[in-house]
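Inspection log for the structure reproduced underneath, given as structure tokens.
The values are calculated or read from the model by the stated rules, or taken from the named source; none is laboratory data. Since we're looking at a predicted model, the values are computed, not measured. No Cβ is skipped: glycine too gets one built from the backbone with ideal geometry, and neighbour counts run over all protein chains shown. The area values use the complete protein model at the heavy-atom level, side chains included, leaving out ligands, DNA and RNA. Shrake-Rupley method; radii C 1.70, N 1.55, O 1.52, S 1.80 Å.
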Amino acid sequence: MTTVFDRLVGQHAVVGELTSAAVAAVRLAASRDLQAHGNDPLPLLAGDPDSGSSAMTHAWLFTGPPGSGRSVAAQCFAASLQCEVTDSPGCGRCHACTTVMAGTHSDVRRIVPEGLSIPVKDMRAIVQTAARRPSVGRWQVVVIEDADRLTEGAANALLKAVEEPPPRTVFLLCAPSIDPEDISVTLRSRCRHVALTMPSVASIAEVLIESDGIDPEMAKWAASVCGGHVGRARRLATDDEAREQRKQALAVARAATRDATAYSAAEALVKSADAAAKAISARLDEAETEEMRTALGAGGTGKGAVGAMRGSAGILKDLERRQKSRETRTGRDLLDRALVDLAALFRDALAASYGSSVTAMHPDMSEQTVAMAGYARREELLACVEAVLECRESLGFNVKPKFAVDSMVAKIGLALRH
């Protein structure tokens, strides 16, 4: 791998912009170092979010559809800002680059919400930490993934820091879009926007073949059905369970047309997401709990070991609460991914009804989508798409998944039976 930016798939314009900004950041950091020592400073580079693409600024917003690599872009940019190779930031080989990409750099904090939202309490702690001077790097970098999960209070706390940033702090936010539903208008206006696009099927397949050593045929299939999501393409190509979950989600379309199978398919879909979330969480929880117990003194044999765990019940209880919240979020994310697949199936059928030449989201399901286009009217297929989108919206409002999916299946069945 030549640079850290090689991890970004099919984002050549974005790589160019971020590389130019990283070069500008080196000069800006040097300028501030000279000012701090009373020497003649280098020309300061613009910090305005609306300035040119080659300038550096203190707040960035990375947007793009799921799987486009917005969080990867933010992490790569963070590495380039700390890179020790000043003439080619983001080398991918120096100590700074490797530690940032590994998540162990002391001046780069990556905030990944474990629950359904990022509360104001957590954001205030993050902002307080971000105000410190960097200890080993040029910048104190805060990467906030899923910034669309900020509560109103958390967004306001972050806004104050972004409006009056410390001189050595850079905020990198990631969100699906610049829609006010995803990111507040005021917060968006304080950031430079970097829009990522969905990578092509060929680009994803190339990564799977060359970087992961996946069989070319399997790689091409996974790339064609992943919806532009590189990580999901990798899972589909390597995980039988992921392929089965996709198959189960798409089967809901046919099952919804019969009373005998409609609600059992809906229940199976929800249970599948819950089971997968439990399996993922169990692997993470075990290691976290053991690490916490060790830190609290469990298993010690020295003097005072007997009372080492006294008073730790509250700490472990709080850990369990956060783990449960993460499990809930993981389940919702997996269910949402299944719903996106289902909506795409109806979209393919709608496109087939018009004889459109647009690329199918599920090319391996072409026989089913053509058949659906033959027996269902276009307005009925559109109603099915809307039913799935309404279900996703309901889940966003914390409606119980079973009720939301049952309602969706009922609407799909009603539309297709006409």
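Out of region 232-264, which residues are hydrophobic (A, V, I, L, M, F, W, C), in a helix (DSSP H, G or I), open to solvent by less than 20 Å² (accessible area, probe 1.4 Å) and farther than 20 Å from R329 by Cβ?
A233, L236, A237, L250, V252, A253, A255, A262 - these are the residues of region 232-264 that are hydrophobic (A, V, I, L, M, F, W, C), in a helix (DSSP H, G or I), open to solvent by less than 20 Å² (accessible area, probe 1.4 Å) and farther than 20 Å from R329 by Cβ.
Tally time: how many residues in region 194-231 are surrounded by 16 or more Cβ atoms within 10 Å (Cβ to Cβ) and under 24 Å from L150 (Cβ atoms)?
3
Does region 69-80 contain any residue that is buried (at least 18 other Cβ atoms within 10 Å of the Cβ), assigned to a loop (DSSP other than H, G, I, E, B) and in contact (Cβ under 8 Å) with a residue 40 or more places away in the chain?
yes
In region 347-383, what residues are among the aliphatic types (A, V, I, L, M), farther than 19 Å from M408 by Cβ and part of a loop (DSSP other than H, G, I, E, B)?
V358, A360
Sort out which residues of region 2-11 are part of a helix (DSSP H, G or I) and over 20 Å from the mean Cα position of the chain (by Cα), and write them in order of number.
none
Checking V170 against (1) within 20 Å of the chain's Cα centre (by Cα); (2) at pLDDT below 90; (3) not small (G, A, S), only one condition comes out false. Which one?
(2)
Does R283 satisfy being closer than 30 Å to L414 by Cα, of a type in the set (K, R), open to solvent by 30 Å² or more (accessible area, probe 1.4 Å) and assigned to a helix (DSSP H, G or I)?
no
Determine which member of the set A233, A265 is of a type in the set (A, V, I, L, M, F, W, C) and over 19 Å from V405 (Cα atoms).
Going through A233, A265 in turn, just one is of a type in the set (A, V, I, L, M, F, W, C) and over 19 Å from V405 (Cα atoms): A233.
If we scan region 344-367, do we find a residue that is under 20 Å from A276 (Cβ atoms) and β-branched (V, I, T)?
no
Testing T359 on (1) touching a helix residue (DSSP H, G or I) at 6+ places or on another chain (Cβ under 7 Å); (2) open to solvent by 20 Å² or more (accessible area, probe 1.4 Å), one condition comes back false. Which one is that?
That leaves (1) as the condition not met.
So that you can scan it fast, the table gives a plain yes or no per residue for (1) open to solvent by 10 Å² or more (accessible area, probe 1.4 Å); (2) within 21 Å of S117 (Cα to Cα); (3) not basic (K, R):
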| site | (1), (2), (3) |
| --- | --- |
| R378 | yes, no, no |
| A383 | yes, no, yes |
| A387 | no, no, yes |
| R392 | yes, yes, no |
| F403 | yes, no, yes |
| D406 | yes, no, yes |
| V409 | no, no, yes |
| I412 | no, no, yes |
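I'd like to know if region 319-339 contains one or more residues that are free of Cβ contacts under 8 Å to residues at least 24 places away in the same chain, open to solvent by less than 50 Å² (accessible area, probe 1.4 Å), assigned to a helix (DSSP H, G or I) and farther than 27 Å from S394 by Cα.
no
Within region 101-138, restricting attention to residues that are under 20 Å from the mean Cα position of the chain (by Cα) and closer than 14 Å to R168 by Cβ, which residue is surrounded by the most Cβ atoms within 10 Å (Cβ to Cβ)?
Among those that are under 20 Å from the mean Cα position of the chain (by Cα) and closer than 14 Å to R168 by Cβ, it is V108.
Just to be sure I understand the filter: pairs with C-beta atoms under 7 Å, separated by 6 or more residues or on different chains, first member in region 1-30 and charged (D, E, K, R), second member buried (at least 21 other Cβ atoms within 10 Å of the Cβ) and at pLDDT 85 or above. Which pairs pass?
R7/V72; R7/C76; E17/V194
When you go through (1) assigned to a strand (DSSP E or B); (2) surrounded by fewer than 18 Cβ atoms within 10 Å (Cβ to Cβ) one by one for V141, which number turns out not to apply?
Single failed check for V141: (2).
Where residues in region 172-191 are open to solvent by 10 Å² or more (accessible area, probe 1.4 Å) and not in a loop (DSSP other than H, G, I, E, B), which of them is farthest from R332 (Cα to Cα)?
S189
Given the options T169, T98, name the one that is farther than 30 Å from M361 by Cα, without any contact (Cβ under 8 Å) to a residue 24 or more places away in the chain and surrounded by 15 or more Cβ atoms within 10 Å (Cβ to Cβ).
T98
What number goes with the only condition from (1) out of contact with any helix residue (DSSP H, G or I) (no Cβ under 8 Å at 6 or more places or on another chain); (2) surrounded by fewer than 16 Cβ atoms within 10 Å (Cβ to Cβ) that N156 does not pass?
Every listed condition holds for N156 apart from (1).
Quick check on this structure: which one of R258, R310 is at pLDDT below 85 and among the basic types (K, R)?
Going through R258, R310 in turn, the sole match is R310.
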